[in-house]
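So the structure is just underneath, and the comments pick up after that.
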Amino acid sequence: MQRDNKELSPTVAPGMNDQEELEESATKQEIEKGEYTSVTTLSYDEVDPS
């Protein structure tokens with residue numbers, strides 16, 4: 001059975017401030033209920049060798 005990739009793609013509600021909303025921490029109540037997502041940020045910092 002093939003799955004539609006749209007099901008697996010993350011979505012954000014229209015009109016939502018993406019960056020601000022996605023960086024918001026979960027509340028204690030959300031954590032207790034398991035209603036949160038762990039986020040890891042990868043940043044590539046290129047330094048000029050000269």
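Readers should treat all values here as calculations from the given coordinates under stated rules, not as data from a laboratory. All values derive from a computational prediction rather than experimental measurement. Positions of Cβ are generated from backbone atoms using ideal geometry, with glycine treated the same way; all protein chains shown enter the neighbour counts.
Quick look at the values:
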quantity: Length gained when the stretch residue 29-residue 44 is fully extended (0.36 nm per residue, less Cα-Cα span); calculated: 2.0 nm
quantity: Highest-first arrangement of 21-29, 40-48, where packing means the average Cβ count within 10 Å; calculated: 21-29, 40-48
